[in-house]
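Read the structure below first, then the notes.
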Amino acid sequence: MAEAEEDCHSDAVRVGDDEKESPAERDLQAQLQMFRAQWMFELAPGVGSSNLDTRPCRSGRGSILKAAADTKGRQELAKEEKARELFLKAVEEEQNGALYEAIKFYRRAMQLVPDIEFKITYTRSPDGDGIGNSYIEDNEDDSKVADLLSYFQQQLTFQESVLKLCQPELETSQTHISVLPMEVLMYIFRWVVSSDLDLRSLEQLSLVCRGFYICARDPEIWRLACLKVWGRSCMKLVPYSSWREMFLERPRVRFDGVYISKTTYIRQGEQSLDGFYRAWHQVEYYRYIRFFPDGHVMMLTTPEEPQSIVPRLRTRNTRTDAILLGHYRLSQDADNQTKVFAVITKKKEDKPLDYKYRYFRRVPVQEADHSFHVGLQLCSSGHQRFNKLIWIHHSCHITYKSTGETAVSAFEIDKMYTPLFFARVRSYTAFSERPL
């Protein structure tokens, strides 16, 4: 009787405590009791788990697994959001030039989410602070960038009814280049190109801003460049779509460097006095050809290395001995092969008068002018364009001044005439004092 009274009393206490508990706590306690009962039943010997109706337990487990999956999903989303913020912060630091700080943020972002770079699908940060504005990933933006010229022209702003090609990034009390008229800017760009057709400097200038990019693509600049190279033979654009495309695609000689060939051969020497041996000599020399946009050409054959000769060929007013000067022209055959024909002569030097023998009668020497006619075929080799010249013919024309007769001596094009390959020289750009 006493034990029954104690059980009734304990049940009454549990009922009172259950009434005080919240519904969530009661559900948790019920699930815990069900799990314990299932666990004890499975541990009992000789009892299979199939004899127990586990549907209530399964429903409890399902709710627990679902809650755990939801929690894990929220953690993954939070981790990805943090990685996205770190990645965009790294982009901003990289744009500001702080590469060391950018590397740290990139590393932290990829430690959280290794493929975070491919999960960013917007061009603006969630906080709206401008981070990642230049990060373009959508297909629509890619189609806009395909034609930068038209895209930049659409981005230009109009201020006081005047077209503004560029805007100052920072406020300054000095006059900014954006206040100059369009005509003055275009004249400056022609000075950059100069009469030596320094189009490489023009392309570098176009990287400054959108407005300079538009000025560098001005059709008039490229039309004048084409006229300077090909003359009247380029009056029509067909089959090219623009003057710039014609200048880049149509075969032409290059002006920002030198065409160089190296020739090496072995020559038999004289026999020794005792007849015991005969020497053999290895002969090595270079040929240099330098073209100018106005039709002039320089040619030099010397055993000196390119490191010492190339700087002397920067201008036509060189003092290098044995240099040949002349003119060249481009010719395109029916088979679309571009050839270069040049006529070069030795630089004339004014000989001082020799007054030592002015009272003696001297034997007259028959004076003659020597000119060399050169034919070359223009080709492309490797990844560079128009960087190779192949010899076609080489002849020497001797004209006697007294009689006016001309003797022609043609050289055989053999292995001694190795192809000339182009070597670009940075110091050859932007030295002219005349605009295009």
Using a 1.4 angstrom probe on the protein heavy atoms only, could you order F41, F118 from most to least accessible area?
F118, F41
Evaluate the distance, in nm, between pseudo-label points positioned 7 Å from the Cα of E203 and of Q377 along their respective Cα→Cβ axes.
2.7
So how exposed is R312, as accessible area in Å² (1.4 Å probe, rounded to 10)?
100
Throw me the Rg/Rh for the stretch 194-268, computed over C-alpha atoms with Kirkwood Rh, two decimals.
1.17
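Going down the table (K82/K119; K346/K415; K388/K415; K79/K104; K236/K339), which pairs top 19 Å between alpha carbons?
Listed pairs above 19 Å: K346/K415; K236/K339.
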Given points 7 Å out from each Cα along the Cα-Cβ axis, report the E305 to V179 separation in nanometres with one decimal.
5.3
Loop trypsin sites (Lys or Arg not before Pro), the stretch 204-248, which have at most 16 other Cβ atoms in a 10 Å radius of their Cβ (DSSP):
K236
Dipole check, the stretch 184-324, charges on Cβ (K,R +1; D,E -1), about Cα centroid: among F212, S242, N317 the Cα furthest to the positive pole belongs to S242
Cβ-derived FRET efficiency at R0 35 Å, S233 paired with A322, nearest 0.05:
0.55
Mind checking the alpha-carbon convex hull of the stretch 151-249 and giving the volume per residue in Å³?
126
If all Cα-Cα distances of the stretch 77-122 are sorted into 5 Å bins from 0 onward, what percent lands in each bin, rounded to whole numbers?
5, 28, 34, 21, 11, 2, 0
With charges only on Cβ, +1 for K and R and -1 for D and E, what is the dipole size of the stretch 151-249 about its Cα centre, in debye, rounded to 20?
400
In the calculated pair distance distribution of the stretch 181-236, what percentage of Cα-Cα distances lie above 15 Å?
45
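The values are calculated or read from the model by the stated rules, or taken from the named source; none is laboratory data. This structure is a prediction, so every number in the text was calculated from the model and none was measured. All Cβ positions, glycine included, derive from the backbone under ideal geometry; neighbour counts span all protein chains shown. Accessible surface is based on the protein model in full, side chains and every heavy atom, while ligands, DNA and RNA are left aside. Shrake-Rupley method; radii C 1.70, N 1.55, O 1.52, S 1.80 Å.
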